[in-house]
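Inspection log for the structure reproduced underneath, given as structure tokens.
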Amino acid sequence: MLNSIKIEKFPTTRYQGSKRKILPWLYDNLKDLDFETVLDACGGTASVSYMFKIMNKHVTYNDILKFNWIIGKALIENQGIKITNNDLDFILKFDSSRKKGFIEKTFKDYYYTDKENKWLDNTINNINLIQGKNEYETDIKKAMCFYALYQASLRKRPFNLFHRKNLYIRTNDVKRNFGNKTTWEKDFTNEFKFFINELNEAIFDSEVECTSLNQSIFDIENSYDLVYFDVPYITKNGSNETSNYLKCYHFLEGITDYENWNDKIDYSTKNLRFKKPATDNEFSKSNIFQSMDTLFEKFQDSILVFSYKIGGVPSIDEIESLMKKYKKNVEIKSKHYVYALNKQNGNAAYNREVIIIGK
């Protein structure tokens, strides 16, 4: 058993809501629990799954979004496959004979420059053509390349999101008091290489089977010793824009399903996001209590670990009461945390990461 973990060795990300910075605290609070199999129910960045993998647990990563599922395949399910220099040469070879791609035609002046849009179309096409030694290696190598593409795409975006058509924030010649124009203007190829190298260094064989799923958490059968929840966060006014990950990251979801992207876009929206999926209301203010109760009941035979923060709906006390319907022993741990773009960061009473553990 490790005494502690160092986040410096964990892959970096600009993903909203990532738990990467608090992993040492999470580890300290979970390391003594008795479990071998774990479900990361809403896996997101896969940072928590990666921690469990380092702990040599049988990890099942799950996320409802396909691009997150790909992240899980690249980082968690992958037990040793890496991207070679030959792979990189193939991926980054530019084919000037190709006609305008979907991104170049559809997203002009939305998120990236014309040159960058052309680069994205070319790179996505090449990723989809990459070949490994067998079908499984091909699948994992594609996942790894998409992983690096997602991270590079995020780092070049103001606020690291796709919630606004706001390329002008990058291109306007104005004085700025936020953001990092130097990072936004970095070359896509170099950024892609950076994240491939970082991912290659992070890959290891835990000698314990790990898998990545792409399902609604409500459809997964319970066969796990521990289930970790980090569900979308609902504010008291009912807003969840920055926790509605499809709205924030629809562009990455489109990259993942490139051939069908056009059919999934809601062209009435200003930023060309996706049409609402059937699962869009699984966690909304109107049903969040019922959703949590359903999950706690469904996984009541597992250790429950619920990640949260102060100020949401339901409240910490309400979640504790829901969990106590199914668990005799419920404890709450909290830690002051500094959030990006939050005016109350100095106030430890309002800015706290919380885990609620039911045994």
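Where a number appears in this text, it was derived from the coordinates with a stated rule and is not lab data. What you see is a predicted model; the values in this text were computed from it and never measured. Here Cβ is always computed from backbone atoms with ideal geometry, including for glycine, and neighbour counts include all displayed protein chains.
Below is a table of values for the structure above.
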read-out	value
Listed pairs Lys141/Lys247; Lys19/Lys333; Lys275/Lys309 exceeding 21 Å between Cα atoms	Lys141/Lys247; Lys275/Lys309
Peptides ranked, highest mean first, by Cβ atoms within 10 Å: ranges 252-264, 73-85	73-85, 252-264
Rounded if a/c under 1.5, otherwise prolate or oblate - the range 281-335, Cα gyration tensor axes	oblate
Cβ-placed point charges (K, R +1; D, E -1), dipole of the range 7-358 about Cα centre in debye, nearest 20	1760 debye
In order through the range 15-25: 3J(HN,Hα) via Karplus (6.51 cos²θ - 1.76 cosθ + 1.60), integer Hz, x for Gly, Pro	6, 4, x, 4, 8, 3, 5, 9, 4, x, 5
Highest-fluctuation residue, Asn214, Asn86, Asn180 considered, GNM on the chain with Cα pairs under 10 Å	Asn86
Selected from Asp40, Asp173, Asp187 as most flexible by GNM, with the chain as the system and alpha-carbon contacts under 10 Å	Asp173
Using θ = phi - 60° and Karplus 6.51 cos²θ - 1.76 cosθ + 1.60, couplings along the range 128-134 (whole Hz; Gly, Pro as x)	5, 9, 5, 10, x, 6, 8
Relative contact order for the chain, counting Cα pairs under 8 Å that sit 6 or more residues apart, in percent	18 percent
Projected area, mean over directions - the chain, Cα convex hull, nm²	18.6 nm²
Helix 288-298 vs. the chain, principal-axis angle (Cα, 0 to 90°, nearest 10)	70 degrees
